[in-house]
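Bear in mind that the values in this text are calculations on the coordinates, not laboratory data. Being a predicted model, the structure only gives us computed values, none of them experimental. Glycine also receives a Cβ, built like all others from the backbone with ideal geometry; neighbour counts cover every protein chain displayed.
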Amino acid sequence: MNRSVMASAIFMACLMVQTGASLAEDLQGIYNTGPSLLEEASKASLNIEFHPCAGDGALICASVVGIVEPNGPSGQNMLPDGSPVMGYVMITGLKPKGKGKYRGGEIVALDESIIKGKMIRYGIKINDRDGGPLDARGCLGFICPRKMIWTVVEQSEALGTEPE
């Protein structure tokens, strides 16, 4: 490999590492998903934390770090696929698309999945409101029927409770 190609490859690798680091910085902190949009789970909410995805650090994922209403949908704390809600990576593959905009990811609707007894997935779009609440939308193709506002959680409230 000649030097200019090698230098370009190193530059691109450094850029990707920096991009992955800046992604996590843009969506730092813990966010509460707010009450479920489903009546059966209207008192349930989750605290989630964004992080680089394990398989690709340039993409953003988010995991459940706290269950605010442990007796949420029917008192269940396990998902239909056998995974525990606590620690579940519910958002995967989110990509930055300009200042404060994230697209192309997938979200598992945990409340809907538990209630329907099967894993329910949507595309997701997130808009950061200048470091404040996040405007999150669950999408089926270009139609985004689930509209949510996720708020920053104070560190003292971040972990919520864990079901027994």
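Among all the lysines, which ones have a C-alpha under 23 Å from residue 118's C-alpha, if same-chain residues fewer than 8 places away are not counted?
Here the lysines satisfying the reach criterion relative to residue 118 are 43, 147.
Estimate the FRET efficiency between residue 130 and residue 77 by the formula 1/(1 + (r/R0)^6), using the beta-carbon distance for r and 41 Å for R0, to the nearest 0.05. Walk me through the numbers on the way to the answer.
Working: r = 34 Å, r/R0 = 0.84.
With R0 = 41 Å, the Cβ-Cβ based efficiency is 0.75.
Given all pairs of different Cα atoms, what value in angstroms does the Kirkwood hydrodynamic radius of the stretch 82-151 take? Before the final figure, lay out the partial values.
Numbers: mean 1/r = 0.0785 Å⁻¹.
Evaluated over the stretch 82-151, this radius sits at 12.7 Å.
Label 7 Å along Cα→Cβ of residue 101; the stretch 127-142 residues with amide nitrogen under 12 Å?
Residues passing the 12 Å test: 127-128.
What is the gain in length, in nm to one decimal, between residue 142 and residue 118 on full extension, counting 0.36 nm per residue of separation less the C-alpha to C-alpha distance?
Details: separation 24, 0.36 × 24 = 8.64 nm, distance 2.29 nm.
Additional length available on full extension: 6.4 nm.
Give me, ordered by chain and number, the residues 5 or more places off residue 85 or on other chains with an amide H under 5 Å from its own placed amide H.
Here 78, 79 satisfy the definition.
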